[in-house]
Amino acid sequence: NTPLELWTALRAAVGGPENVLTFAHHTSRRNAWLSWNYYDPEMAPLIEIAQTRGSYEYDGCFSGLKFHGDCGRVRGHFIQDGLGRGMRFGLMASGDHAGRQLTGVFCSELKRDAVFDALRAKRTFATDGERMFLDVRVDGHFMGEEYKTDKHDRKVTVTAKGTLPLAQIDLYRNGRVIRSWYPYQSQDLKAEYADQEPLFRRENYYYV
(Lines give C-alpha, C1' and ligand atoms only; values in the text may rest on other atoms or scores of the structure.)
Protein backbone atom coordinates (compact mmCIF):
# COMPACT_ATOMS: atom_id res chain seq x y z
CA ASN A 1 0.00 0.00 0.00
CA THR A 2 3.02 2.33 0.15
CA PRO A 3 6.22 2.75 -1.87
CA LEU A 4 8.19 1.58 1.17
CA GLU A 5 6.24 -1.68 1.31
CA LEU A 6 6.67 -2.13 -2.45
CA TRP A 7 10.43 -1.57 -2.24
CA THR A 8 10.74 -3.98 0.70
CA ALA A 9 8.86 -6.67 -1.20
CA LEU A 10 10.88 -6.11 -4.38
CA ARG A 11 14.21 -6.33 -2.54
CA ALA A 12 13.16 -9.70 -1.14
CA ALA A 13 11.73 -10.96 -4.45
CA VAL A 14 14.68 -10.18 -6.72
CA GLY A 15 17.64 -10.54 -4.36
CA GLY A 16 18.54 -6.90 -3.80
CA PRO A 17 18.25 -3.40 -5.27
CA GLU A 18 20.88 -4.06 -7.93
CA ASN A 19 18.34 -6.28 -9.74
CA VAL A 20 15.34 -3.95 -9.94
CA LEU A 21 14.36 -0.42 -11.00
CA THR A 22 11.35 1.70 -10.06
CA PHE A 23 10.53 5.18 -11.35
CA ALA A 24 8.51 8.05 -9.90
CA HIS A 25 5.75 8.98 -12.37
CA HIS A 26 4.28 12.50 -13.07
CA THR A 27 5.54 14.01 -9.81
CA SER A 28 3.30 17.08 -9.48
CA ARG A 29 0.20 15.96 -11.38
CA ARG A 30 -2.84 17.15 -9.45
CA ASN A 31 -4.67 13.82 -9.61
CA ALA A 32 -1.70 11.67 -8.52
CA TRP A 33 1.18 13.68 -7.10
CA LEU A 34 4.35 12.20 -5.62
CA SER A 35 4.98 12.28 -1.88
CA TRP A 36 8.57 13.17 -0.99
CA ASN A 37 8.12 11.20 2.26
CA TYR A 38 9.16 8.09 0.34
CA TYR A 39 12.70 8.20 -1.00
CA ASP A 40 15.15 5.41 -1.77
CA PRO A 41 17.95 6.29 -4.24
CA GLU A 42 18.86 2.63 -4.63
CA MET A 43 15.37 1.54 -5.63
CA ALA A 44 14.42 4.67 -7.59
CA PRO A 45 17.58 6.26 -9.03
CA LEU A 46 15.66 8.04 -11.83
CA ILE A 47 12.68 10.37 -11.81
CA GLU A 48 10.33 11.27 -14.65
CA ILE A 49 10.76 14.93 -15.61
CA ALA A 50 8.46 14.87 -18.65
CA GLN A 51 5.74 12.80 -20.29
CA THR A 52 2.64 13.31 -22.40
CA ARG A 53 1.12 15.55 -19.69
CA GLY A 54 4.05 17.94 -19.98
CA SER A 55 7.11 18.82 -17.92
CA TYR A 56 7.44 18.61 -14.14
CA GLU A 57 10.79 20.40 -13.95
CA TYR A 58 9.77 23.39 -11.79
CA ASP A 59 6.70 25.47 -10.99
CA GLY A 60 5.99 27.62 -14.06
CA CYS A 61 8.27 25.74 -16.47
CA PHE A 62 7.33 25.56 -20.15
CA SER A 63 5.12 22.56 -20.83
CA GLY A 64 3.14 23.31 -23.97
CA LEU A 65 -0.09 22.42 -22.13
CA LYS A 66 -3.05 24.23 -20.65
CA PHE A 67 -3.11 23.18 -17.00
CA HIS A 68 -6.64 22.12 -16.13
CA GLY A 69 -8.20 18.99 -14.76
CA ASP A 70 -5.95 15.98 -15.28
CA CYS A 71 -2.94 18.16 -16.22
CA GLY A 72 -3.13 20.45 -13.18
CA ARG A 73 -0.09 20.81 -10.91
CA VAL A 74 0.57 20.71 -7.17
CA ARG A 75 3.13 23.15 -5.79
CA GLY A 76 6.11 21.73 -3.96
CA HIS A 77 6.17 18.51 -5.94
CA PHE A 78 8.29 19.43 -8.96
CA ILE A 79 11.67 17.90 -9.77
CA GLN A 80 13.57 20.92 -8.48
CA ASP A 81 11.68 20.68 -5.18
CA GLY A 82 12.97 17.14 -4.67
CA LEU A 83 16.51 18.05 -5.69
CA GLY A 84 16.35 21.01 -3.31
CA ARG A 85 15.63 18.58 -0.47
CA GLY A 86 18.93 16.85 -1.18
CA MET A 87 17.41 13.94 -3.09
CA ARG A 88 19.58 12.46 -5.83
CA PHE A 89 17.90 11.63 -9.11
CA GLY A 90 18.83 11.04 -12.70
CA LEU A 91 16.33 12.41 -15.21
CA MET A 92 14.16 10.42 -17.60
CA ALA A 93 11.11 10.95 -19.81
CA SER A 94 8.54 8.46 -21.06
CA GLY A 95 5.81 8.52 -23.68
CA ASP A 96 2.93 7.59 -21.41
CA HIS A 97 -0.41 7.29 -23.25
CA ALA A 98 1.08 7.56 -26.76
CA GLY A 99 3.33 10.52 -26.00
CA ARG A 100 6.61 11.20 -27.83
CA GLN A 101 8.87 11.63 -24.81
CA LEU A 102 12.08 9.58 -24.64
CA THR A 103 14.98 8.79 -22.34
CA GLY A 104 18.49 8.94 -23.76
CA VAL A 105 20.80 6.34 -22.22
CA PHE A 106 24.61 6.13 -22.37
CA CYS A 107 25.45 2.42 -22.30
CA SER A 108 28.43 0.35 -23.36
CA GLU A 109 26.41 -1.73 -25.84
CA LEU A 110 22.83 -2.16 -27.02
CA LYS A 111 22.07 -5.15 -24.85
CA ARG A 112 19.53 -5.52 -22.07
CA ASP A 113 22.00 -5.77 -19.17
CA ALA A 114 24.05 -2.81 -20.41
CA VAL A 115 20.98 -0.59 -20.71
CA PHE A 116 19.78 -1.68 -17.26
CA ASP A 117 23.16 -0.92 -15.66
CA ALA A 118 23.28 2.51 -17.35
CA LEU A 119 19.81 3.37 -16.04
CA ARG A 120 20.84 2.39 -12.52
CA ALA A 121 23.97 4.55 -12.87
CA LYS A 122 21.81 7.57 -13.92
CA ARG A 123 23.68 7.99 -17.20
CA THR A 124 20.55 9.43 -18.80
CA PHE A 125 18.90 12.51 -20.24
CA ALA A 126 15.28 13.29 -21.14
CA THR A 127 13.71 14.67 -24.33
CA ASP A 128 10.22 15.62 -25.52
CA GLY A 129 10.69 13.19 -28.40
CA GLU A 130 13.56 14.73 -30.33
CA ARG A 131 16.33 12.19 -30.92
CA MET A 132 19.01 14.62 -29.83
CA PHE A 133 22.33 14.18 -28.06
CA LEU A 134 23.41 15.68 -24.74
CA ASP A 135 26.67 15.10 -22.84
CA VAL A 136 27.33 17.11 -19.67
CA ARG A 137 30.39 16.74 -17.44
CA VAL A 138 31.61 18.54 -14.32
CA ASP A 139 35.36 18.34 -13.74
CA GLY A 140 35.32 15.39 -16.14
CA HIS A 141 32.67 13.49 -14.18
CA PHE A 142 29.87 12.06 -16.30
CA MET A 143 26.15 12.61 -15.88
CA GLY A 144 24.80 10.74 -12.87
CA GLU A 145 28.12 10.63 -11.02
CA GLU A 146 28.82 12.03 -7.58
CA TYR A 147 32.21 13.27 -6.41
CA LYS A 148 33.93 15.35 -3.74
CA THR A 149 36.10 18.38 -4.42
CA ASP A 150 37.86 21.14 -2.53
CA LYS A 151 38.60 23.17 -5.67
CA HIS A 152 37.44 26.78 -5.81
CA ASP A 153 36.16 26.46 -9.38
CA ARG A 154 34.46 23.67 -11.31
CA LYS A 155 34.70 23.20 -15.08
CA VAL A 156 31.44 22.29 -16.78
CA THR A 157 31.54 21.00 -20.36
CA VAL A 158 28.43 20.71 -22.50
CA THR A 159 28.06 18.95 -25.85
CA ALA A 160 24.64 19.10 -27.50
CA LYS A 161 23.35 18.15 -30.92
CA GLY A 162 19.78 18.80 -31.98
CA THR A 163 17.61 17.63 -34.85
CA LEU A 164 16.95 21.32 -35.66
CA PRO A 165 18.84 24.52 -34.73
CA LEU A 166 19.17 24.81 -30.96
CA ALA A 167 17.31 27.77 -29.43
CA GLN A 168 18.76 27.90 -25.92
CA ILE A 169 20.92 25.86 -23.54
CA ASP A 170 20.62 26.56 -19.80
CA LEU A 171 23.05 25.36 -17.14
CA TYR A 172 21.45 24.94 -13.71
CA ARG A 173 23.22 24.72 -10.38
CA ASN A 174 21.06 24.07 -7.33
CA GLY A 175 17.87 25.16 -9.07
CA ARG A 176 19.22 28.41 -10.57
CA VAL A 177 20.40 29.17 -14.11
CA ILE A 178 24.06 30.23 -13.91
CA ARG A 179 24.89 30.25 -17.64
CA SER A 180 22.95 30.25 -20.90
CA TRP A 181 24.06 29.75 -24.49
CA TYR A 182 22.14 30.78 -27.60
CA PRO A 183 23.49 28.88 -30.62
CA TYR A 184 22.68 30.92 -33.72
CA GLN A 185 21.22 28.77 -36.50
CA SER A 186 23.30 25.81 -35.34
CA GLN A 187 22.30 22.29 -34.41
CA ASP A 188 25.52 21.78 -32.45
CA LEU A 189 26.99 23.26 -29.29
CA LYS A 190 30.32 22.55 -27.61
CA ALA A 191 30.95 24.82 -24.65
CA GLU A 192 32.87 25.10 -21.40
CA TYR A 193 32.06 27.14 -18.33
CA ALA A 194 34.27 27.78 -15.29
CA ASP A 195 31.96 28.07 -12.28
CA GLN A 196 33.96 30.12 -9.79
CA GLU A 197 31.14 31.01 -7.42
CA PRO A 198 31.75 29.69 -3.87
CA LEU A 199 29.58 26.75 -2.85
CA PHE A 200 27.89 27.27 0.50
CA ARG A 201 25.94 24.01 0.49
CA ARG A 202 27.42 20.69 1.54
CA GLU A 203 25.89 18.98 -1.50
CA ASN A 204 25.35 20.63 -4.88
CA TYR A 205 23.98 19.55 -8.24
CA TYR A 206 24.19 20.61 -11.87
CA TYR A 207 22.04 19.81 -14.88
CA VAL A 208 21.49 21.20 -18.36
Find how much the distance from Asp170 to Thr2 grows on full extension, using 0.36 nm per residue of separation minus their present alpha carbon separation; answer in nm with one decimal. 56.9 nm
How far apart, in nanometres, would the label points at Asp113 and Tyr182 be if each is projected 7 angstrom from Cα along the Cα-to-Cβ direction? 5.0 nm
In the range 11-107, chymotrypsin sites (Phe, Trp or Tyr not before Pro) in a DSSP loop with at most 10 other beta-carbon atoms within 10 Å: Phe62
Measuring with a 1.4 Å probe in the full set of protein chains, what accessible area per residue, in whole Å², belongs to the range 49-208? 60 Å²
Report, in debye and to the nearest 20, how large the dipole of the chain comes out about its Cα centre when Lys and Arg carry +1 and Asp and Glu carry -1 on their Cβ. 300 debye
Would you calculate the separation in nanometres between label points at His141 and Ala9, each defined as 7 Å from the Cα along the Cα-to-beta-carbon direction? 3.6 nm
Just give me a number: lysine pairs in the chain, eight or more positions apart or cross-chain, with C-alpha atoms less than 27 Å apart. 11
Net +/- balance of residues flanking Cys71 in space, Cβ distance below 11 Å, scoring K and R +1, D and E -1: +4
Counting only protein heavy atoms and a 1.4 Å probe, tell me what percentage of the chain's accessible area is made up of carbon and sulfur. 51 percent
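The values are calculated or read from the model by the stated rules, or taken from the named source; none is laboratory data. From a predicted model like this one, the values you see are computed outputs, not experimental measurements. As a convention, Cβ positions derive from the backbone with ideal geometry for all residues, glycine included, and neighbour counts pool all protein chains shown. Side chains included, ligands, DNA and RNA excluded: accessible areas come from the protein's heavy atoms. Shrake-Rupley method; radii C 1.70, N 1.55, O 1.52, S 1.80 Å.
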